[in-house]
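Below is one structure, written out as structure tokens; comments come after it.
The values are calculated or read from the model by the stated rules, or taken from the named source; none is laboratory data. Keep in mind that this is a model prediction, so the values were computed, not measured. Cβ placement follows ideal geometry from the backbone for every residue including glycine, while neighbour counts extend to all protein chains displayed.
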Amino acid sequence: NAGVTQTPKFRVLKTGQSMTLLCAQDMNHEYMYWYRQDPGMGLRLIHYSVGEGTTAKGEVPDGYNVSRLKKQNFLLGLESAAPSQTSVYFCASSQGVGLNEQFFGPGTRLTVL
Amino acid sequence: QQQVKQSPQSLIVQKGGISIINCAYENTAFDYFPWYQQFPGKGPALLIAIRPDVSEKKEGRFTISFNKSAKQFSLHIMDSQPGDSATYFCAATRDRGSTLGRLYFGRGTQLTVWP
């Protein structure tokens, strides 16, 4: 099992460009999450999904969109990248509610110039 | 509003010493408190977790102490080793009655253990 994988690992964008980050999990998990990690700010939830076809806003959703067309995939889109979106992005998945452990991917380091 | 407050932001400990990281929360509906460990260049991974019906949980050199009345919990790393050098995140969530499964993370503590 590969667990949670993220594509790409690194990316540099210019302001205004768009891109999509792909997250895939092979554990048949219902729940998937997108976080961003910035120095001194911890992990902040961007969007999450409680099942195929569902999405919901997290703590810092502005400037991002997501889609969960297939259970195993969770896509994070930036329509018009801004320097404030420079960050490390982590995807995670879990079986379901509460006690179920969240499994994180290796992260995508995004720089917006 | 930050749901979980974590301190210190950074911690330097000598090999063999005890590392202590503290967290506090406000929402009394939280009933599951995990700690995640993150090594440089990697994603966080679950280290140990506790529920509020016990005051302490120990796994090897790692211990969580939980004070329900004070709404505080802490991670103790005994006999700290250089391999423990990582960023540690405390978190909290609602388990019973929740449909979200959302974790609220502290801001993290960067632990450095000197050899």
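Numerical summary
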{"item": "Selected residue (only one of B:Ala70, B:Ala91, B:Ala24 is assigned to a strand (DSSP E or B), free of Cβ contacts under 8 Å to residues at least 60 places away in the same chain and not hydroxyl-bearing (Ser, Thr, Tyr))", "result": "B:Ala24"}
{"item": "Conditions (1) farther than 20 Å from A:Val4 by Cα; (2) within 14 Å of chain B (Cβ to nearest Cβ); (3) not in a loop (DSSP other than H, G, I, E, B); number of the one not met by A:Ser84", "result": "(2)"}
{"item": "Answer from A:Gly63, A:Gly40 - the residue that is modelled with pLDDT of 95 or more and either surrounded by 20 or more Cβ atoms within 10 Å (Cβ to Cβ) or in a loop (DSSP other than H, G, I, E, B) (or both)", "result": "A:Gly63"}
{"item": "Of residues in region A:14-67 being small (Gly, Ala, Ser) and in contact (Cβ under 8 Å) with a residue 40 or more places away in the chain, the one farthest from the other protein chains (Cβ to nearest Cβ)", "result": "A:Gly16"}
